[in-house]
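Trainee: Quick one: the structure is below, and I'll ask about it shortly.
Derivation of every value follows stated rules applied to the coordinates shown; laboratory data play no part. Owing to the predicted nature of the structure, the values given are computational and were not obtained by experimental measurement. A quick note on method: Cβ atoms are made from the backbone with ideal geometry, for glycine too, and the neighbour counts reach across all protein chains shown.
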Amino acid sequence: MRHLRTTSALTAPVRTALALTAAALIALAGAALPSAASATGSATATAPVAHSAPAAYSAPAAHSAQAAALLPAADPTPAAKKLFTIRDARIKESSGLAKSQKHPGIYWTVNDSSDTARVFAIDTSGKVKAVLRFNAQVKDVEAVGVGRDGTIYVADIGDNKANRDMIEIYTMPEPATLEDSANVKYHRFDFTYPDGAHDAETLLVEPGTNQLYIVTKTTKGTGGIYAAPPAPSREGTNELTKLAPAPSGAITDGTFLPDGQRAVFRTYVDIATVAWGDTPTVIARGAVPFGQGESIAVGQTDNTVLAGNEGPNSAVYQVQVPAKQAASPPPAGATAAPKPAAGADANGTGSSKSHNLRWILIGAALFALIITIFTFPPGRRERQDRMAENARLTGQSQTTPRRRHHA
């Protein structure tokens, strides 16, 4: 019995010592990890957010700022200002809007389908200043445009059922004076699409050249941008050429901006700025929080447009042309992040030797724990000895016979 107690007494200190050793090794490994990270932090503390250390070692706020800086700038929402309301009972469905070239502060508009062949001149209070009538059998007038030379273009291009064999555009000069006219002289141009009939509500007149474009409207998929011949003929039918897919959305009107390099398209819910070229591309969009959008025209300044709605007493708003936000410049006095010190690894987290030392300490700690758990459990002999000692002290008989050693 004395021998057995001695063995048990020696086993417990050894187990305790190994456990303390494992704890010490784990503490050393943990201390090594933050020290390397802090070295990196001190190296980048004076660097701007855009040049900060890798995300694993950045503070949460700095990491969020850096991530936001990498995202594309959000499209702005144009600030809409109500300019006027069209209250004239003759204008029940204003479906197009175009700025006059000869009369400052005047815009031309047309009614949607079911109206006769006429064009209205309105001022910026919404009052009708003149009505031009021309003797044509129109079907579904949807848009109006004005060339830089003062030519008015009335686009009879609506085709809700997509069953028209031909669409028409009528032209007439802006009058020298604003007064009603019942028999305005006009020219008619006939057009067909190269790929079948389409519904359309948008006519674009390119500044300077008077090149015409028609943008088709669809509620499913994507419409198209079609170019008229540079010099369309009044004899026979002119075939349109598809230039490119239209921007997404049901496009209800559009206009070139005065520079001729950009166009603005109107949908039911927003307006889109398009960089013109062989492949017109949307560069910004802005939500317009009002009504069912039907018309758009160049505004009173080059960077604004007028956006109108369909229906009686329709309101017309002045809106900033959507544009991408410019990238924010770096803070004043900001400097690039310093290069890692000589001997540091690519991540700036310390030398490769420090990296290896951390893993050696972690491995040693794990090994010590394994030895502690599996090598020195209380043995079967020790458990039997404790049972015998308890039986002797309490005077109980042993339930399991065991062999005794003789001195």
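Trainee: Calculate one ³J(HN,Hα) per residue across segment 232-240 by plugging θ = phi - 60° into the Karplus curve 6.51 cos²θ - 1.76 cosθ + 1.60, and present them in order as whole Hz with x for glycine and proline.
Mentor: x, 9, 8, 10, x, 10, 8, 8, 6
Trainee: Per residue of segment 279-285, in order, report the coupling 6.51 cos²θ - 1.76 cosθ + 1.60 (Karplus, θ = phi - 60°) as ³J(HN,Hα) in whole Hz, putting x for Gly and Pro.
Mentor: 10, x, 10, 5, 10, 6, 10
Trainee: About its Cα centre, what dipole magnitude does segment 132-251 give when the only charges are +1 on Lys and Arg Cβ and -1 on Asp and Glu Cβ, stated in debye to the nearest 20?
Mentor: 160 debye
Trainee: Turning to a different aspect of this structure: Give the shape of segment 142-200 as rounded, prolate or oblate, defined through the alpha-carbon gyration tensor: a ≥ b ≥ c are the square roots of its eigenvalues, a/c under 1.5 means rounded, and otherwise the shape is prolate if a/b is larger than b/c and oblate if not.
Mentor: prolate
Trainee: Output the peptides 137-148, 227-238, 81-92 sorted from most to least packed, where packing is the average of other Cβ atoms within 10 Å over each peptide's residues.
Mentor: 137-148, 81-92, 227-238
Trainee: Once you charge only the Cβ atoms, +1 for Lys and Arg and -1 for Asp and Glu, what is the size of the charge dipole of segment 222-274 about its Cα centre, to the nearest 20 debye?
Mentor: Dipole size: approximately 40 debye.
Trainee: For Lys129, which sequence-distant residues (separation of 5 or more, or a different chain) have an amide H within less than 5 Å of its own amide H, given hydrogens modelled in the peptide plane?
Mentor: Correct list: Ala121, Ile122, Asp123.
Trainee: Which far-off residues, 5 or more places away or on another chain, put their amide H under 5 Å from the one on Tyr153, with H placed in the peptide plane?
Mentor: Gly145, Val146, Gly147
Trainee: How far is it, in nm, from the label point at Lys82 to the one at Asp180 when both lie 7 Å from their Cα along the line to the Cβ?
Mentor: Placing both labels 7 Å along Cα→Cβ, they lie 2.9 nm apart.
Trainee: Right, something else. If each of Asp123 and Asn135 carries a label point 7 Å out from its Cα toward its Cβ, how far apart are those two points in nm?
Mentor: Reported label-point gap for Asp123 and Asn135 is 3.2 nm.
Trainee: Now, a different point. Setting aside same-chain residues fewer than 8 positions from Lys92, which aspartates and glutamates have a Cα under 15 Å from its Cα?
Mentor: The qualifying aspartates and glutamates are Asp112, Asp115, Asp140, Glu142, Glu294, Glu310.
Trainee: Right, next: Give me a comma-separated list of calculated 3J(HN,Hα) values for segment 296-305, in order, Karplus coefficients 6.51, -1.76, 1.60 applied at θ = phi - 60°, integers in Hz, x for any Gly or Pro.
Mentor: Residue by residue, segment 296-305 yields 8, 8, 4, x, 6, 10, 5, 9, 10, 10 Hz.
Trainee: If amide H atoms are built 1.01 Å from N in the plane of the peptide, which residues on other chains or at least 5 residues away come under 5 Å of the amide H of Ala250?
Mentor: Amide H neighbours of Ala250, under 5 Å, 5+ apart: Tyr268.
Trainee: In nm, to one decimal, how far is the Lys324 label point from the Ala227 one, both placed 7 Å along Cα→Cβ?
Mentor: 2.4 nm
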